[in-house]
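All remarks here apply to the structure that follows.
Derivation of every value follows stated rules applied to the coordinates shown; laboratory data play no part. These figures come from a predicted structure and were not determined experimentally. Because the Cβ atoms are built from the backbone with ideal geometry, glycine has one as well, and the counts that use them run over all protein chains shown.
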Amino acid sequence: MNSHWVLLFFVWILPHLLLGVLAVFLWRRGLYREVPCFFVYVCYEIAEFCLLFALRLIPSVTNQQYRYAYYATLAFSVVLRFGVIEEVFRDLLREAHVVQVAMRRSLRIVQGTLLIAGILFAVYAPGDNSVSFVTGVSVVNRGLAMAQSGFLLFLIFLCSFLGLSWRRLVFGIALGLGVIASVDLGIFAVRAALSSSAWVPYLDLIRTVTYLTCVSTWIAYVAAPEHAAAPLTTISNEELKVWNKEFQRLLRP
Amino acid sequence: MEQGISTFAPAMIATWSLVAVSLLALGTLAYSAIRRRTRQVDLKREMEAFQAPDVEAFRNLVDPAEEDYLRDQLPPARFRSLKRQRTWAALVYTREVGRAARALTMVGHAQKRSADPAIQATGVQYADDALRLRLGAVQASFCLAAEFVLPGLRTRTVLALIDRYRQSAETLLQPGRSAGMEMPGSKGA
């Protein structure tokens, strides 16, 4: 086993150990009630890792069998990520309840457009024309990553545009998920285009290092307490008088 | 060989375009995370932003009576040109109102996280009013853009926006509201 494989194993195991820490944090702080889908996602990722790690260690399991297991578990993971995004969206709607209907409609339109764009890109975009299983899965994942990344970016843009504030925990989740989806988009695009398998270990390494970074980000956001008090600049009495005077001027010109 | 190159090139262009999009998305996420960490709601600055729009000048620009007068007095070509200029100026005002509303939303959301229930309640009110105002500004911008393209068109959305802006200001001036403006650490209002 060369140093590259040792590194790959290290960055494969470590994020899942950290996911265990994250799950404990979520449980002990009662945050699993606030973000149940994210909690299920974290638990699922740990279980998925245990299964794949066991399959990797069993000598009788062939590479092809392992690959099928990997992509089958990945498919469910992607579905759960959509659930987490929905959870993030619902949390934002709670902040902006006066514009719920308008926001819900516009976001549904964006979600539908992105999904259609992802599917069209998967069907028509040029790439490796071989009909291998791995290429097919990469093409589908590329489309889904595009939809997830685009949707999260749209949420961030919309919140900035409307001046909505994210809860610390929810922003952390969205940030981590956005990074994973964006890196997945690039990686699966390269995978779908290149038929050579020489790049695969390096792409896997990038993906696992990204995953490690995102899990660390989630832990940082979950572990840090939500701001208790508003971080507002103090306003003096004089300034308040000027402010009120200006409003009077507006109302009675 | 040539056929190979011709199919390879679009494939690689599409692939590297997606990689570029992915990097751009990562950059945007990093920027928003850094901005969130470093940004503080500067109440004074946000209030100044809310004071900025001159409501009367804005109302004058979209006044239907004024528009009727101009339509009667000017030749059609001159009227269309002037209407476009006025609409453009109204668009600038609408953008300012939108910015002011966004500033107030941020103040409201920051207040909602306060430990003091009174400030929290004020924050909820500010945030809700400001959000409605912000959406109204977006809607008004679309209507004004349509009026800019078709000067004969007339919409009342902008007048409704101005009225809403006034209402927001009145809400802020209600007795007891200013108490909510007192921030942690201030000496009292």
Assuming R0 = 56 Å, what is the FRET efficiency of B:I13 and B:D54, from their Cβ-Cβ distance, to the nearest 0.05? 0.65
Using the Cα gyration tensor of the stretch A:3-225, with a ≥ b ≥ c the square roots of its eigenvalues, what is the shape: rounded (a/c below 1.5), prolate (a/b larger than b/c) or oblate (neither)? oblate
Calculate one ³J(HN,Hα) per residue across the stretch A:206-215 by plugging θ = phi - 60° into the Karplus curve 6.51 cos²θ - 1.76 cosθ + 1.60, and present them in order as whole Hz with x for glycine and proline. 4, 5, 6, 5, 4, 4, 4, 4, 5, 5
Provide the FRET efficiency to the nearest 0.05 for the A:I46-A:Y68 pair, computing r from the beta carbons and using R0 = 25 Å. 0.75
